[in-house]
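To start, the structure itself, in structure tokens.
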Amino acid sequence: MTAPVSGPAGFARDAKPMRMVIVTDAWEPQVNGVVTTMRNTARHLADMGHEVTLITPDKFRSVLCPGYREIRLSLFPRHKVARILDEAQPDTVHIATEGPLGVAARAWCLRNAFPFVTSCHTQFPEYIRLRAPVPKSWSYAWLRRFHRPACTTLVRSRTQRESLQARGFEHLQLWPGAVDTNLFRPRGKSALDLPRPIALYMGRIAVEKGLESYLDLDLPGSKVVIGSGPNLETLQAAYPAAHFMGPRFGLELAQLLSAADVFVFPSRTDTFGLVMLE
């Protein structure tokens, strides 16, 4: 079976069909939990009979994000975002990210006194602090201002909700996510032919993931890393004994996860990563 997925505002399967707009700066070809969550949410909502309009970076001129070339930042999206929202005539708007598209959609909602939902998937202040000398208090102040007008801000875990409440965030509700349990289930150990025990990390290969903490460990057996990202080449060169397998998807990914003996997720900045459920 497929684990249950609620919509942007927790819509039940028997809810009256609605026109929904989901706005996300994180989108394909990026490979991360936010992209996977929003893509699957849109698909499930459509299957439930809702009309879903996605506002994503592939509809806009964009530039590479400095220091993180996998991410594209939409350029001057305000007017086009407003036109898409005007044409969609939505019943509900879910702003999933705080990037240029999210800012443009938020401005449209405020200008039209239109209630909206936001979500807070990641700890961006911690991510930014690892890349630049920006005080976390500044970043949290900006995020607090961004999310304050929303009717509801969806968060990934109780711990994240408590952390954000302590920083002055309001109207927080849990939206922990789900995965396809037909795909992600025990599938035996044959997919990895390496000395055991096998420790495996899956996710982006980036500074905020704390991979050095894992790769520096003196462990018996084998270390496996699945994924891609800006730090991949650097870590491959620094840890030649580890097995870097690049990005994997679908059934192959599920088989590799099943074949490992230990799942490792050393990030100190993530919330409730989708890879943990997988």
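Below are the figures for this structure:
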| read-out | value |
| --- | --- |
| Enumeration of residues in segment 139-169 that are of a type in the set (S, T, N, Q), out of contact with any Pro (no Cβ under 8 Å at 6 or more places or on another chain) and part of a helix (DSSP H, G or I) | Thr159, Gln160, Ser163, Gln165 |
| The listed residue being touching a residue at least 24 places away in the same chain (Cβ under 8 Å), more than 21 Å from Arg39 (Cβ to Cβ) and small (Gly, Ala, Ser), out of Ala191, Ala178 | Ala191 |
| Within segment 43-57, considering residues that are within 15 Å of Asp91 (Cβ to Cβ) and under 22 Å from the mean Cα position of the chain (by Cα), the one least open to solvent (accessible area, probe 1.4 Å) | Leu45 |
| Sole exception among (1) modelled with pLDDT under 95; (2) under 25 Å from Trp27 (Cα atoms); (3) part of a helix (DSSP H, G or I) for Pro176, by number | (3) |
| Scope segment 20-60; condition in a helix (DSSP H, G or I) and among the small types (Gly, Ala, Ser); matching residues | Gly33, Ala42, Ala46 |
| Residues satisfying the stated conditions in segment 69-100, i.e. farther than 19 Å from Cys151 by Cα, of a type in the set (Val, Ile, Thr) and within 23 Å of the chain's Cα centre (by Cα) | Ile71, Val81 |
| Any hit, segment 186-202, residues being within 29 Å of Pro29 (Cβ to Cβ), modelled with pLDDT of 95 or more, assigned to a helix (DSSP H, G or I) and touching an Asp or Glu at 6+ places or on another chain (Cβ under 8 Å) | no |
| Criterion (in contact (Cβ under 8 Å) with a residue 12 or more places away in the chain, of a type in the set (Val, Ile, Thr), within 23 Å of Val275 (Cα to Cα) and surrounded by fewer than 21 Cβ atoms within 10 Å (Cβ to Cβ)) met by exactly one of Val23, Val34 | Val34 |
| Cross-chain or 6+ apart pairs with Cβ under 9 Å, segment 144-161 first and over 10 Å from Trp175 (Cβ atoms), then in a helix (DSSP H, G or I) and among the aliphatic types (A, V, I, L, M) | Arg144/Leu164; Phe146/Val103; His147/Leu164; Pro149/Leu110 |
| The lone exception for Arg144 - which of (1) out of contact with any Phe, Trp or Tyr (no Cβ under 9 Å at 6 or more places or on another chain); (2) farther than 29 Å from Ser258 by Cα it fails | (1) |
| Qualifying residues in segment 64-91 (those that are under 12 Å from Ala26 (Cβ atoms) and without any contact (Cβ under 8 Å) to a residue 60 or more places away in the chain) - the one most open to solvent (accessible area, probe 1.4 Å) | Arg72 |
| Residue within segment 92-100 that is open to solvent by 60 Å² or more (accessible area, probe 1.4 Å) and of a type outside the set (Lys, Arg) present | no |
| Matching residues in segment 101-138 - criterion: being open to solvent by 50 Å² or more (accessible area, probe 1.4 Å), under 25 Å from Arg268 (Cβ atoms) and more than 15 Å from the chain's Cα centre (by Cα) | Ile128, Arg129, Leu130, Arg131, Pro133, Lys136, Ser137, Trp138 |
| Residues that are open to solvent by 70 Å² or more (accessible area, probe 1.4 Å) and closer than 16 Å to Leu183 by Cβ, drawn from segment 233-249 | Phe249 |
| Residue that is least open to solvent (accessible area, probe 1.4 Å) [pool: residues in segment 250-278 that are part of a loop (DSSP other than H, G, I, E, B) and more than 22 Å from Thr122 (Cα to Cα)] | Ala260 |
| Top-ranked residue in segment 157-178 [being under 16 Å from Leu274 (Cβ atoms) and touching a strand residue (DSSP E or B) at 6+ places or on another chain (Cβ under 8 Å); ranked as most open to solvent (accessible area, probe 1.4 Å)] | Leu174 |
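The values are calculated or read from the model by the stated rules, or taken from the named source; none is laboratory data. Treat the numbers as computed from the prediction; the structure is a model and nothing was measured. Neighbour counts run over all protein chains shown; Cβ positions are idealised from the backbone, glycine included. These accessible areas exclude ligands, DNA and RNA; they are computed on the full protein's heavy atoms, side chains included. Shrake-Rupley method; radii C 1.70, N 1.55, O 1.52, S 1.80 Å.
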